[in-house]
Each structure stands twice: as structure tokens, then as C-alpha cells.
Number of protein chains: 2
Amino acid sequence: MHSFLMIGQSNMAGRGFLHEVTPIYNEKIHMLRNGRWQMMVEPINYDRPVSGVSLAASFADTWSQENSEDTIGLIPCAEGGSTLDEWAVDGPLFKHAVSEARFAMEGSILTGILWHQGESDSSNGNYKDYYQKLLTIIEALRKELNAPTVPLIIGGLGDYLGKKGFGTYATEHELINQELERFASEQDNCYFVTAAGLTANPDGIHLDAASQRIFGLRYYEAYAMLDHVTAPLEDEEKRSQSIKQVHTAAEKLYLASMDFALGKITYEEFNARMVQINSK
Amino acid sequence: MHSFLMIGQSNMAGRGFLHEVTPIYNEKIHMLRNGRWQMMVEPINYDRPVSGVSLAASFADTWSQENSEDTIGLIPCAEGGSTLDEWAVDGPLFKHAVSEARFAMEGSILTGILWHQGESDSSNGNYKDYYQKLLTIIEALRKELNAPTVPLIIGGLGDYLGKKGFGTYATEHELINQELERFASEQDNCYFVTAAGLTANPDGIHLDAASQRIFGLRYYEAYAMLDHVTAPLEDEEKRSQSIKQVHTAAEKLYLASMDFALGKITYEEFNARMVQINSK
């Protein structure tokens, strides 16, 4: 299994509304829970009760289509509202992410690091030492995980910031974006992904579900091409919406079990679905 | 802060339907996420997308009422469907629970261990070596966490098992219950809590939300009295339903922020609620 570490703040954790997009069920995509792997179901990164669609699901689904012989595992460690200082190497977020990644690496190869953070630093001139602080964190992370050359994919902040709702106060997002882009262009094995054109929930700070699906494709493009993604991709909207609707027996079994556990179907209906699945 | 470790399988994680009970919001109750504390909101133990109400919330709320000067922290490490063998000391569930507890213990005193497991061992004669395997796990856990005398509260399995739905196959639940009760009576600092009379979701295996609220009161009773709870408590149903409905400013702020992030209220409505909260 190839694993990817998800770190940063809420837009890496994901706040897209689940009901706004087609769910992704793919038995070849796993997520870490309690130190073990299980099939991915969104929300992947349950840091808050408002967690929802993140970029990781469409990233992983695209990876899975391009690497159909293999499986992918997601390591969710993003924390809503966290500042860069809260990711300092002696703090709990950094230490916990290292700890989770080590559990994951007992049964997988760490293949990429996905970073999205900066909204909480888009004020008070925090951009001035953002680069140096991020460098310290990334260097320590690479050392702790023995991952000196694993690709690090860094997403930019949304254009919509600084305008309304909880985004109002993120007035220096363009300055943070400059630092993120400069970091990716100067540091080895690091690639920048633009958030240009992506849109937010009504709260004005969190990427909406459709944008997260698109952002995941852009992150994948940067990872696969080992290059920066500085503009929207061709066909990204259409591609982000073409989610597989035909499921394997294992996926159908998972969905039937979930529906029964949630009281949505009776045991008789569950058994009927089992018979149907097994007869195929 | 006083912290409690939650370990076991799905009925410790919690599968009660959230919409069936009054939610518990109490700023003095925290839960561990990403190695840090945040205000508790159910589901606490998000091991599966079907996670819901567990016994931990009403346990913590009762603890909080009885210890109003202090705060309580919950460490969610239960894993749905896990067998006792999967909790072996060299496996990921055990190691991860130890790791999470250590993050918690950097800012809290480990004050209790809450265990509920056994449905996945209620068949194939697994009860025969359940006691010895559990003893090995608990002794190792106490040693790893330097917690030789911290109370361990062990809940029994539901009477409803072995009858319908996913519970059909748990035919030896009474034999497991005997082992759990014997373990608690013979081991020091260990107390048994009966599940007598509690009821299940339509799936026939998971305690329903109302029963989880009651079970939490029984767990608290065992913890507070340092004694076994072998029969339902007087007034437990009524007490389990009397959830505090008047909230502090911090709780109101949390709820307003959540509603806004979920798109349930506009920014104007959010701001109006802020004004109202701050004027009190």
C-alpha cells in the first residue's frame, strides 16, 4: 500500500458538505483509524463535527485509477483552525502526525505529503516568517519519517478569502500564497497547487464540496507530473464529477452493512441485498 | 483535567442514533483529537461512519456535575468489530490506545479506563480463554500507562444478543458475560456494570441511544462507588433524560459557529447570536 499524509488546517481536513457531491466508494482506498486501515468513507479527517468532503478523496480516487493494481492509504492528521505555530515540531499536532504516520508505515510506503494551511496566518503580518517556520517543520517531518525526497504537495489559499463570513479576517491570504508558492519553487521535491477559481461554503472560509473534488485532481496532477499546477486543469469540472457508480461486491457489502446499521433498511432487505451481491 | 480511556469494540465507540436523544454540550467535557483537547461533541469515537451516541457522554456529564470545579477528557480508542485477539499487546489497537493515552496524559491525569468488548467473541467457544487473554492485555496496559490502580470499569453484553440481525451470531454472550463478571470480581480495581434491560438498534447488536445514556450512568455509578453495578439504577431512565439545556456563553458560541459552518444560519444570524451571547 502507498500512503499519503494529510496535514494542515480545516481545508485539508475538509468542510465540503457531503450531500453536495456524489460519494466516492472504492475498496482500494483506505484510511487510518486507531492505527489500522479500513475502507475510506468521507469524512476522512474527523477533527470536528463539521468535517466533510476534503481534497483527499478525489486525489486518492484518481491515484487509484492510475495505479489500479495497488491500494492507497490516507493518514488524516489535519486540525481545523490551526496556525503554523501550532504545527511547531515540539507541539502535539506535529508529534501526533508523526506518530500516526509511523502506524501507517508499518503496513505501507509513505508516498506523499499533502499540506494545506495558511488561513489562520493570513493576518497580523504572519506571512513575514511563514517561509522559515514552514521550512523548519518540513525538514523535521522529513527527518522523523525518514522521507527526505517524498513529494510534498502544497495547495494555495482560495481567492474568496478576505471578503465575507469567517473569511473576512484572512486579509493577507495573497501574501501567504506568495510565500507558499516561493517555498514550493525553491525547495526540492515540493510542488505548488493553485486554488484559483475555487469557491467557498457560505461561511466564506471553507472550500465547498465541488471545489474540494477539483482541488484533489489538481493535487494529483502536481504529484503525478512532479510539477507545479499554476492554473485550473482542462476538463477539471467534468472529470471531478465523473465518480464511479458501479461498485464491487466488497463495496456493495460495505454499503449494505452501513445502511442496515443506520436503520435505513430492514434485516430482510439487507439479506436480500446479500443474496443479490453473492449471485453476481 | 481528569481523563478516561475508552477501549473495546462498537458499543464502546457508540452506535446510538444521534437524533434519538438530547445532545450533550458541556464545555467542561473534552475529547482528544490529533493529540489535543477540544470540547466534546458526539460522536466522540469516530471509528466508523456509523458512529454515534456512546456511554461516554452521559458518563462524562454525570462526572462533570459531581466534579464541577474540574474538567474531564475522553480518549476515544474503541474499534468497531474488534475481537479480543485484535487487542493483543503487540497489535496496532493496543499500541495506538497507549499512544493516544500518552498524548492525553501530557495534560491530564488518567483517572479511569472504560472497557466494553465481547460481542465479537460470543461464538466458537472463545469464552474459554477470554479471561486469561483479557488479563494479559489489562496488565500490560496498566504497566505501559503506569496506572496500576486506576479503576477499570467493564460493562456486560446486552440481553438482546443472539436473537436477531447482526446480533444473531453472538450466541455465547451469556458465557462471555460470566467471564467479564468473574474478571471484575477477582481482579483488583475492576468493577462490572450490568447491561440488563438495555435495548438495541434494529440491527440487533448495537445499544440504542437511550440505552447508551443509561449505560453511562451505570458506568459512572460503578466508578464513583468503586463497586459493581449488578442491577439497573433507581430513576436511571429519568436521570438519563435530564440533560442540561441552558448553555454557557462558550457553549453557545460553539453551537453558533457550528451552525454557521454547516450553512444552517446566515452570517447576519450568526452575528446576531454573538451580540446576544455577549450582552448576557
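Structural remarks
- Region A:69-102 and region B:36-89 have Cα centres separated by 21 Å.
- Net charge dipole, the protein assembly as shown: roughly 380 debye, given to the nearest 20, about the Cα centre with Cβ charges of +1 for Lys and Arg and -1 for Asp and Glu.
- Helix axis angle, A:267-279 relative to chain A longest principal axis, alpha carbon, degrees: 90 degrees
- DSSP beta bridge pairing in the protein assembly as shown, given as percent antiparallel to the nearest 5: 20 percent
- Environment charge at residue B:234 (Cβ cut-off 13 Å; Lys +1, Arg +1, Asp -1, Glu -1): -1
- Close amide H partners of residue A:71, meaning residues 5 or more places away or on another chain with modelled amide H under 5 Å apart, are A:2.
- The value of relative contact order for region B:68-186, using C-alpha pairs under 8 Å at least six residues apart, is 29 percent.
- Region B:28-136, relative contact order in percent, only Cα pairs under 8 angstrom and at least six apart counted: 26 percent
- Charged neighbours of residue A:201, selected by a Cβ distance under 9 Å, balance to -1 (K, R count +1; D, E count -1).
- Couplings for region A:200-206, taken from phi via the Karplus curve 6.51 cos²θ - 1.76 cosθ + 1.60 with θ = phi - 60°, read 10, 4, x, 6, x, 10, 9 Hz in order; Gly and Pro are left as x.
- Angstrom value of the Kirkwood radius, inverse mean 1/r, which spans all Cα pairs in region B:33-173: 16.5 Å
- Where trypsin sites (Lys or Arg not before Pro) fall in DSSP loop in region A:217-274, at most 13 other Cβ within 10 Å: A:264
- Largest GNM mean-square fluctuation among B:167, B:155, B:125, using chain B with Cα springs under 10 Å: B:125.
- Viscosity 1.002 mPa s, temperature 20 °C, Stokes-Einstein D of chain A from Kirkwood C-alpha radius, µm²/s: 112 µm²/s
- Between copies, the label points at residue A:81 (set 7 angstrom from Cα along Cα-to-Cβ) are spaced 3.4 nm, reported in nanometres from shortest to longest.
- When its C-alpha radius of gyration is set against 2.2 N^0.38 Å (N residues), region B:173-226 gives a value of 1.24.
- Principal-axis analysis of the Cα atoms of chain A puts helix A:130-144 at an angle of about 50° to the longest axis.
- Helical runs assigned H by DSSP (4 residues or longer) give the protein assembly as shown a calculated mean residue ellipticity at 222 nm of -12000 deg cm²/dmol, each run adding -39500 (n - 2.57) before division by the residue total.
- With label points defined 7 Å past Cα in the direction of Cβ, position residue B:135 shows copy-to-copy spacings of 5.9 nm, given to one decimal and shortest first.
- Alpha-carbon Rg/Rh ratio, for region A:184-277, with Rh computed the Kirkwood way: 1.18
- For the A-to-B rotation axis, chain A residue with nearest beta carbon and its distance in angstrom: A:46, 2
- Computed magnitude of the charge dipole of chain B (debye, nearest 20; Cβ of K, R +1, Cβ of D, E -1): 680 debye
- For region A:240-280, the Stokes-Einstein estimate of translational diffusion at 37 °C and a viscosity of 0.692 mPa s comes to 301 µm²/s, using the Kirkwood hydrodynamic radius over alpha-carbon pairs.
- Positive minus negative residues near residue B:80 (Lys, Arg vs Asp, Glu; Cβ under 15 Å): -2
- Helix axis angle, A:249-261 relative to chain A longest principal axis, alpha carbon, degrees: 90 degrees
- For the options A:129, A:47, A:85, a Gaussian network treatment of chain A with springs between C-alpha atoms closer than 10 Å singles out A:129 as fluctuating the most.
- Debye intensity ratio in log₁₀ form over the Cα atoms of region A:1-111, taken at each q of 0.13, 0.22 Å⁻¹: -0.45, -1.22
- Alpha-carbon centroids, region A:113-170 and region A:210-280: separation in whole Å: 29 Å
- Cβ charges +1 (Lys, Arg) and -1 (Asp, Glu), total dipole of region B:34-124, debye: 220 debye
- Kirkwood Rh in Å, taken over region B:119-248 so that all alpha-carbon pairs contribute: 15.8 Å
- 10 Å binning of all Cα-Cα separations within the protein assembly as shown, expressed as whole percents from 0 upward: 4, 17, 28, 26, 17, 7, 1
- Excluding the site residues themselves, the longest part of chain A lacking any GluC sites (Glu not before Pro) in a DSSP loop with at most 11 other Cβ atoms within 10 Å is A:107-233.
- For residue B:239, label point 7 Å along C-beta direction: distances to other copies, nm: 6.0
- Rg and Dmax of region B:1-44, Cα atoms only, in Å: 11.4, 30
- All-pairs Cα distance distribution in region B:61-119, expressed in whole percent, bin size 10 Å: 19, 45, 26, 9
Since every read-out is calculated from the coordinates, none of them should be taken as a lab result. Computed from a predicted structure; not experimentally measured. Because the Cβ atoms are built from the backbone with ideal geometry, glycine has one as well, and the counts that use them run over all protein chains shown.
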